[in-house]
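See below for the structure under consideration.
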Amino acid sequence: MLDKNYNPKDWEEKIYENWENTGCFAPSMDKSKEAFSIVIPPANVTGVLHMGHALDYTLQDILIRYNRMLGKNVLWQVGTDHAGIATQMVVERNLAKQGISRHDLGREKFVETVWKWREESGGTICRQLRRLGASCDWTRERFTMDEGLSRAVRKIFVNMYKDGLIYKAKKLVNWDAKFMTAVSDLEVVQKETNGKMYYYRYPIEGKDGEFVQIATTRPETMFGDTAVAISKDNAKLAHLIGKNCIIPIINRVIPIVADEHADPTKGTGAVKITPAHDFNDFEVGKRHNLPMINVLNADATLNENTPFAGMTTMAAREATIAKLSELGLMDKIEEHPMVVPYGDRSGVVIEPMLTDQWFVDAPKLAVEAIRAVEDGEVKFLPKNYEKIYFEWMRNIQPWCISRQLWWGHQMPIWYGPDGHIFCEENEEDALSAAAEFYGHQEKLTRETDVLDTWFSSGLWAFSTLGWPDKSEFLDMFYPTSVLVTGFDIIFFWVARMMMMSMYMMKRVPFNTVYLHGLVRDEHGHKMSKSKGNTVNPLDMIDTYGADALRFFMAAMETQGRDINMNEARIAGYRNFATKLWNAARYGEMNGVDFGHDIDVNTVEGKINRWVIAKAEKTISKVGRDLESFRFADAANAVYQFAWGDFCDWYIEMSKPVLYGDDEKAKAETRGVFAYVLRRIMLMGHPFMPFITTQIWQSLQMGGELMLQSWPTSRKSNGDEGKAVDWVIEVVSAIRSLRAEMNLPAGAKLKAYLSGCSKEACGYAKEMGEVVCALAKLEFLEQLAGEAASSMVQVGLTDGVVLLELKGVVDFAAEYERLSKNLAQLDKNLQGYAEKLGNAAFVERAPQKVVEEEKKRQEEALAARAKVEAALARLKNLV
RNA sequence: GGGUGUGUAGCUCAGGUGGUUAGAGCGCUACGUUGACAUCGUAGAGGUCACAAGUUCGAGUCUUGUCAUACCCACCA
């Protein structure tokens, strides 16, 4: 016997363990079946499950479970990402607590420490993923730093290097002074800040008392200036071009050059050029062959090229201003709102810094990545993200992939004593390449830089499947079917996967990419720790169960839009789970045998046929919706059918039968009950895997639910159960009236129906008996057509609700309504006729539009015929 | 500056190709412990679908514009 309430906590863990231990998550590897695969967006090993994960993984699990039930050979490839900066930061922070820095340990020991940390703490997110019910194949769990995946990284790196797609260059890059590494453009966030604009003067060389006034937000970089630029179209200042000026304080002479970068309308029209610390200035410097002077240390303090060596930029700024004032060169300081770049992980100001770094020739890789999407080899959902993808890809810059970190894939690069570069997959190969190159054995030193984390993530779709080795999994599951991820990492990950896959595999990594939105707080604000508005999905699971959280995610997921957190709604879906539980209990208490399916073709009862037809309809809708990623529609269809149709109506209507003594009817109803509940479990399973499994097992429905076949829906004969729909309307009308008239619940109810009358009291009986009486009437079938429901009226006499179909009913009003309807249709038809009779329209409009118009005309004609028929029937009744 | 969304009930949101009376959950009001379920049931109140013009027989839905709001990209000496 089922308990009175379903308590998720009692079951979820056991259910999951059972799935995992019995190998339910593994692909069937049945070659005769269609393959379906998803690679999970690898979570950071440092990660803990947040709402974004809960959404992402729920959607994937729904697709995975659905497709598994369709009988496909399904793989959900799971794994985690080594997350270079994030992980190094966490481990360094732990070490700091013991007063140790990574430099105390040295590189080798430090990396060992990270691995150890990963063994002990890196599995958190995977355990949490299990709590969500994710049915991924844990036996194939991968980590981006695994030997196999590392080999994939080295191989593709070497290939790209030898193809000239990876190169080393001294370029201006975004420098993170906290981690002392370069970062890519994507890892920089721009923040609006209140800065100041400083106006001061550089003396012109050899002209006492002549100056050029410049304006800058960063005076401390002036020691790296190697020119001042002025536009040659600047009438006021052009005369200075070609002269030299003097950087005060250090008294270095620099030229004044003509460059269009100096916009006469901005600042003073003269701009100081610091090529080593500004992206625009860097370009100007290249154009004019200017020297590039670095004035910063790796930690963003000023270096010995300045008079303020060792000072932070802020301190140096103050010192510079003070000195300039002292020299009488300072003119004014204005408030100036400006945008300053910050590191997304470190939170410190990013400095453009001139360093040797490694780059991927992204513009070249983008070509194929763009083409594949243009040609429809990858479909974006929602489609408008394609535009964003194209926009970014077409303006892509070289990708800086080197990081001056210790945790990550060390680049497979070795240097000879003369600095010659050997790029090979391992040291042995590098040594032999060097021996060949030099003609003798040489000692090599390995590049210390590691790769951007996203480099290895970019290979995820094929590296996890076994590439570069020959692999059955690769053959079977690549390209993967769907990628489900947040739109916020479209550039970080989706785009990189596209580029890497098109380069190495010559094929797309996935056929469809479904992009969902962010999970926000209940008012639509972004969740953040600092705002304190985060919601922990594990708390939600503890309180309401994983099924409730999952159902919420599914039911809110519409076309990739952001989802607002709504705890009341999660509670509502917990209630839904309870509802299902109790429906099952009801069946159990009424002698339903869930072990066997009834042959639905033998079912005769109208109500039974009605509920079967509704179930079939729902199943095909849920299937259709999931095929097209309409998660909310699918979830709501299940909810509506299970609660609205099955619990509210079918169970109520079944009571008079199951409590009665017609054994034949009882047997049929029990059979149908089992049949329909079984289908609710099947179609509900992708959304609520735990409770459906628990019910399935408790009621001994046979086998493991998650491995059952998705039900095939039977063809409906069109009007099955329409009579019952009509009955529902009648009963609703009765209830409405009774409430309006303030009749007590026990009030007697008389149903007069074409001479047939029944008395009933109590809510279940009322409905059941009315229904039974109605269902017997032959002509209901006929009346249940389009205009029938409004032919019923409910009246009140002497405290007794009267349901009348004939007699007092105002058929005249109905007749009038339909007449109006007919008139409207005639008007519409006239409109169509006019349009189609318009030669200009027919000739000029596209064929499709004309045909649509014709189709509408036909539809209107058909509708008119129906209304006319209904009017004819009414005429007899009036 | 360029781009992409959003604006529908008190709140959070649905409303694939225009089509009878615009829906859900929560909240609210009234009634109800009936042999699945009070994590429940029944009934009800609540909407000029941001605004304006247009297309159409017909607009929440299509077009244009306005306002509000969110986000993305770029730039800002």
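The values are calculated or read from the model by the stated rules, or taken from the named source; none is laboratory data. Computed from a predicted model, the values in this text were never measured in an experiment. Note: ideal-geometry Cβ built from the backbone for every residue, glycine included; neighbour counts use all protein chains shown.
Do the conditions hold for residue A:281, that is, is it farther than 14 Å from residue A:220 by Cα and more than 7 Å from RNA strand B (Cβ to nearest atom)?
For residue A:281, the condition - farther than 14 Å from residue A:220 by Cα and more than 7 Å from RNA strand B (Cβ to nearest atom) - is met.
If the requirement is being within 15 Å of RNA strand B (Cβ to nearest atom) and either more than 26 Å from residue A:486 (Cα to Cα) or in contact (Cβ under 8 Å) with a residue 40 or more places away in the chain (or both), which of these qualifies: A:377, A:386, A:335?
Every option except A:335 fails the conditions.
Name the residues in region A:524-557 that are touching a Phe, Trp or Tyr at 6+ places or on another chain (Cβ under 9 Å), of a type outside the set (Gly, Ala, Ser) and within 16 Å of residue A:57 (Cα to Cα), would you?
A:540, A:547, A:549, A:550, A:551, A:552, A:553, A:556, A:557 - these are the residues of region A:524-557 that are touching a Phe, Trp or Tyr at 6+ places or on another chain (Cβ under 9 Å), of a type outside the set (Gly, Ala, Ser) and within 16 Å of residue A:57 (Cα to Cα).
Quick test for you: out of A:601, A:608, pick the one residue that is in a helix (DSSP H, G or I) and buried (at least 17 other Cβ atoms within 10 Å of the Cβ).
Result: A:608 is the single residue among A:601, A:608 that is in a helix (DSSP H, G or I) and buried (at least 17 other Cβ atoms within 10 Å of the Cβ).
Just to verify a result, which residue in region A:477-519, among those that are in a loop (DSSP other than H, G, I, E, B) and of a type outside the set (Val, Ile, Thr), is nearest to residue A:632 (Cα to Cα)? Full working, then the answer.
Restricting attention to region A:477-519, the residues satisfying the condition of being in a loop (DSSP other than H, G, I, E, B) are A:478-479, A:505-509, A:517-518.
Those left that are additionally of a type outside the set (Val, Ile, Thr): A:478-479, A:505-507, A:509, A:517-518.
Details: A:478: 28, A:479: 27, A:505: 35, A:506: 35, A:507: 32, A:509: 27, A:517: 14, A:518: 16 Å.
The residue in question is A:517.
With the condition kept exactly as written, say whether any residue in region A:465-486 is surrounded by 23 or more Cβ atoms within 10 Å (Cβ to Cβ) and either free of Cβ contacts under 8 Å to residues at least 24 places away in the same chain or over 30 Å from residue A:393 (Cβ atoms) (or both).
Within region A:465-486, not a single residue is surrounded by 23 or more Cβ atoms within 10 Å (Cβ to Cβ) and either free of Cβ contacts under 8 Å to residues at least 24 places away in the same chain or over 30 Å from residue A:393 (Cβ atoms) (or both).
Looking only at residues that are among the hydrophobic types (A, V, I, L, M, F, W, C) and surrounded by 12 or more Cβ atoms within 10 Å (Cβ to Cβ) in region A:1-20, which one is farthest from RNA strand B (Cβ to nearest atom)? Before you say what the answer is, go through the steps one by one.
Looking only at region A:1-20, we keep the residues that are among the hydrophobic types (A, V, I, L, M, F, W, C), and these are A:1-2, A:11, A:15, A:19.
Then drop every residue that is not surrounded by 12 or more Cβ atoms within 10 Å (Cβ to Cβ), which leaves A:2, A:11, A:15, A:19.
Values: A:2: 8, A:11: 13, A:15: 18, A:19: 24 Å.
The qualifying residue farthest from RNA strand B (Cβ to nearest atom) is A:19.
Taking the stated definitions as given, is residue A:84 more than 30 Å from residue A:14 (Cα to Cα) and either among the hydroxyl-bearing types (Ser, Thr, Tyr) or modelled with pLDDT under 90 (or both)? Steps first, please.
Values: more than 30 Å from residue A:14 (Cα to Cα): yes; either among the hydroxyl-bearing types (Ser, Thr, Tyr) or modelled with pLDDT under 90 (or both): yes.
So residue A:84 fits the description; yes.
The conditions are (1) more than 21 Å from residue A:322 (Cα to Cα); (2) more than 9 Å from RNA strand B (Cβ to nearest atom); (3) surrounded by 20 or more Cβ atoms within 10 Å (Cβ to Cβ); (4) at pLDDT 90 or above, and residue A:255 fails exactly one of them. Which is it?
Only one criterion is unmet by residue A:255, namely (3).
Failed condition for residue A:538, given (1) farther than 21 Å from residue A:648 by Cα; (2) near RNA strand B (Cβ under 8 Å from one of its atoms); (3) touching a residue at least 40 places away in the same chain (Cβ under 8 Å), with all others met?
Residue A:538 satisfies all of (1) farther than 21 Å from residue A:648 by Cα; (2) near RNA strand B (Cβ under 8 Å from one of its atoms); (3) touching a residue at least 40 places away in the same chain (Cβ under 8 Å) except (2).
Name, by its number, the condition in (1) under 24 Å from residue A:395 (Cβ atoms); (2) touching a residue at least 60 places away in the same chain (Cβ under 8 Å) that does not hold for residue A:458.
The single condition residue A:458 does not satisfy is (2).
Pick out the one residue from A:421, A:401, A:413 that is of a type in the set (A, V, I, L, M) and over 26 Å from residue A:109 (Cα atoms).
Just a single option satisfies the conditions, and that option is A:421.
Out of all the residues in region A:520-545, which are out of contact with any Ser or Thr (no Cβ under 7 Å at 6 or more places or on another chain) and aliphatic (A, V, I, L, M)?
Within region A:520-545, A:535, A:538, A:540, A:541 meet the criteria.
Go through region A:179-201 and report how many residues are near RNA strand B (Cβ under 9 Å from one of its atoms), of a type in the set (D, E, K, R) and at pLDDT 90 or above.
1
Within the group A:266, A:232, which residue is within 44 Å of the chain's Cα centre (by Cα) and within 16 Å of RNA strand B (Cβ to nearest atom)?
Numbers: A:232 fails: within 44 Å of the chain's Cα centre (by Cα).
None of the others qualify; the one that does is A:266.
Could you list all residues from region A:97-117 that are within 15 Å of residue A:405 (Cβ to Cβ) and not in a helix (DSSP H, G or I)?
Within region A:97-117, A:101, A:106 meet the criteria.
If we keep just the residues of region A:520-551 that are assigned to a helix (DSSP H, G or I) and surrounded by fewer than 16 Cβ atoms within 10 Å (Cβ to Cβ), which is nearest to the chain's Cα centre (by Cα)? Give the derivation first.
At the first step, the residues of region A:520-551 found to be assigned to a helix (DSSP H, G or I) are A:537-544, A:546-551.
Okay, now just the ones that are also surrounded by fewer than 16 Cβ atoms within 10 Å (Cβ to Cβ), so A:539, A:542-543.
Values: A:539: 21, A:542: 24, A:543: 24 Å.
The qualifying residue nearest to the chain's Cα centre (by Cα) is A:539.
Among the residues of region A:552-585 satisfying the criterion of being outside any helix (DSSP H, G or I), of a type in the set (D, E, K, R) and surrounded by fewer than 16 Cβ atoms within 10 Å (Cβ to Cβ), which is farthest from RNA strand B (Cβ to nearest atom)?
We begin by selecting, within region A:552-585, every residue outside any helix (DSSP H, G or I); these are A:557-566.
Then drop every residue that is not of a type in the set (D, E, K, R), which leaves A:557, A:561-562.
Within this subset, residues satisfying the condition of being surrounded by fewer than 16 Cβ atoms within 10 Å (Cβ to Cβ) are A:561-562.
Values: A:561: 4, A:562: 7 Å.
Only one residue tops the list, namely A:562.
Please go through region A:430-451 and give me each residue that is among the aliphatic types (A, V, I, L, M), without any contact (Cβ under 8 Å) to a residue 60 or more places away in the chain and either within 17 Å of residue A:145 (Cβ to Cβ) or not in a helix (DSSP H, G or I) (or both), ordered by number. So that I can check it myself, show each step before the final result.
Here is the first cut: in region A:430-451, the residues among the aliphatic types (A, V, I, L, M) are A:430-431, A:433-435, A:444, A:450-451.
Those still in the list that are without any contact (Cβ under 8 Å) to a residue 60 or more places away in the chain too: A:430-431, A:433-435, A:444.
Of everything in region A:430-451, just one residue is among the aliphatic types (A, V, I, L, M), without any contact (Cβ under 8 Å) to a residue 60 or more places away in the chain and either within 17 Å of residue A:145 (Cβ to Cβ) or not in a helix (DSSP H, G or I) (or both), namely A:444.
Which numbered condition trips up residue A:288, out of (1) in contact (Cβ under 8 Å) with a residue 60 or more places away in the chain; (2) surrounded by 19 or more Cβ atoms within 10 Å (Cβ to Cβ)?
(2)
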